[in-house]
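Single-structure report; data block below.
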Amino acid sequence: MSQPGQRAPALSPVLLLGFALRPAPKPALQAAASLAMAALLRGHRSVFERLEGLANRDFLIDPVDLPFRFHLSAALPSPRLRILGEDEEPAAPVAATIKGSLPALIDLLEGRVDGDALFFSRALAVEGDMGAVVALRNAVDGADIALTEDLLRPLGPFGGPARGLLRAGGMLYRRAERDLETLRAALVAPVQRRCDSQEAKLRDLDETVANMPTRRRERQS
Amino acid sequence: MTGGALELVCPAGTPASLRAAVDAGADAIYLGFRDETNARNFPGLNFSRDELADGIKYAGSKGVKVLVAINTYPRAGNPGPWRAAVDDAARLGAWAVILADIGLLDYARQNHPDLRRHLSVQASAANAQAIKFYCDEFGVKRVVLPRVLTVDEIARINDAVEVETEVFAFGGMCVMAEGRCLLSSYATGESPNMNGVCSPAEHIHYEERDGQLVSRLGDFTINKFREGEPAGYPTLCKGRFRACSRDSYLFEEPVSLDVSNILPDLMKAGVTALKIEGRQRGKAYVAQVVSAFRRAVDAAARGEQPDTADLASITEGGQQSTGAYEKGWR
Ligand code: SF4
């Protein structure tokens, strides 16, 4: 993978959530991941069927704003999603690693954004077998995955209140995102001002050099 | 041929993309079977027979036509899968098949005379004589023109032939006559015509080196992108190479073809249909491009100047070009 992990992730509610989840016991996270996987297999078996031609169907999914990663083994009959700690390596060799912020990865999973566009804009980074990545992207994109609905479907009539709770959570999330953006802008404002003034000085210098008569420029160089 | 409202022919790599394209305002959808018979034989992509049947039903319910691309060349001694694809497209009620091989065109004409035959861009018919040959011999009703012609050249072809023409409107820029470029074969052993893919994903590697994103195709470094610079797919013709001690895009920059601002000219040139490229792209892309082009085509039909500025975010390298149509690079 190109290494966006070396860059600092953006300040976001998911990043803060990641800090909050750091002490969470791994078995609890693993149970949640297994539930999500079971829901995906129940509702979207075609995703896994579309991958059947691939030699290696293991992927490492790395949400850069969370303190853990996912090892996806997409081979039927029993695909699995394992939680890995930050320094933990997958138990089997993976075909490819996909890195991005959690919201970007969820948008991709639900087909709300174009994977190529995310990649071209550098919001997503990929390392390993690009053929496998393209196959996974195509398979996921071909299914109409709606994560919340897929997870709530087994709850039947109890899904209603849960849906309401999630909607409220979503609103809180969006507000937190706006507030954090304001905070980020306030924190970087002094540095940004300094950068702007340096940039303006560089532009002036460029112009001065460009306007110098050629002879003088040659003599000086 | 005379100018009129342009038909919007849109890509679908999966049933979800088909529904997205239909809902976004496509007039027709083109797609392929999940095998070597079509020129986008990518893993995880394309349609099973059952999916095609469902797709035709969904599209038909909204008045949208489905075209099946069977546009690779049958392997010597094994025409079976290609003929079966034509038979199944006819049986399931496809509006047309898009073919390139003359043997297969003949098979379709003999066995399914009522099934519309379109000539794939893979056949590279780029002059009136070649097009007339396909029409006279195989009853071709529409020709997809290679992306190497100017608008004037297209107008002259349309004046000289009776058949409908379809041109590429948006998506990847292939700067050579289709199927006659050997760059991909040279670097990877796989070619657009035989394997249905140029610069295949299996041969691509991205890596971070000294703060730059380096893209490679096979053993060749194709490009390096600075931090924050929009990246591109390492297609060989869009690589940045060193020549005369200068790094530059020798053939073409990583741009997307976009004809939205010359739609009125294409109408005047007698073009029947616009093809949006991208069966390998996701449904979000398909929905965005198709709805933008729906608006643009409708505006052009009303005599207004179309505007698709909102397409910039999904173009390769964040740049658009009218390619050969305005002869900028030729
Ligand atoms: S290398 Fe470029 S010109 Fe050649 S087939 Fe590929 S896209 Fe077309």
Item to complete: Considering every residue within the range B:251-271, establish whether at least one is outside any strand (DSSP E or B), closer than 23 Å to residue A:138 by Cα, more than 18 Å from the chain's Cα centre (by Cα) and within 10 Å of chain A (Cβ to nearest Cβ).
Response: no
Worksheet item: Taking residue B:71, is it within 15 Å of residue B:98 (Cα to Cα) and either more than 14 Å from chain A (Cβ to nearest Cβ) or crowded, with 23+ Cβ neighbours inside 10 Å (or both)?
Response: yes
Discussion item. Conditions first: (1) closer than 23 Å to residue B:65 by Cα; (2) at pLDDT 95 or above. Residue B:123 passes all but one, so which condition is the exception?
Written reply: (2)
Worksheet entry | helices (runs of 4 or more DSSP H) within the range B:128-229 that include 1 or more residues within 15 Å of the ligand (Cβ to nearest atom) | B:183-188, B:192-195
Worksheet, complete the sentence: In the range B:31-41, anything surrounded by fewer than 22 Cβ atoms within 10 Å (Cβ to Cβ) and within 16 Å of the chain's Cα centre (by Cα) is listed as B:40, B:41
Practice prompt. Would you mind telling me which numbered condition in (1) surrounded by 22 or more Cβ atoms within 10 Å (Cβ to Cβ); (2) more than 12 Å from every other protein chain (Cβ to nearest Cβ); (3) not polar (S, T, N, Q) residue B:282 fails?
Written response: (2)
Discussion item. Take the conditions free of Cβ contacts under 8 Å to residues at least 24 places away in the same chain, among the charged types (D, E, K, R) and surrounded by fewer than 19 Cβ atoms within 10 Å (Cβ to Cβ) and apply them to residue B:88. Does it pass?
Written reply: no
Worksheet item: Would you call residue B:199 within 14 Å of chain A (Cβ to nearest Cβ), on the phi > 0 side of the Ramachandran plot and surrounded by 15 or more Cβ atoms within 10 Å (Cβ to Cβ)?
Response: yes
Discussion item. Restricting to the range B:11-30, and then to whatever is within 12 Å of chain A (Cβ to nearest Cβ) and within 15 Å of the chain's Cα centre (by Cα), can you tell me which residue is modelled with the lowest pLDDT?
Written reply: B:13
Worksheet item: Restricting attention to the range B:233-245, which residues are away from the ligand (no atom under 12 Å from the Cβ) and part of a loop (DSSP other than H, G, I, E, B)?
Response: B:244, B:245
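The values are calculated or read from the model by the stated rules, or taken from the named source; none is laboratory data. Quick caveat: nothing in here was measured; it's all calculated off a predicted structure. FYI the Cβ positions are ideal-geometry reconstructions off the backbone, even for glycines, and counts take in every protein chain you see.
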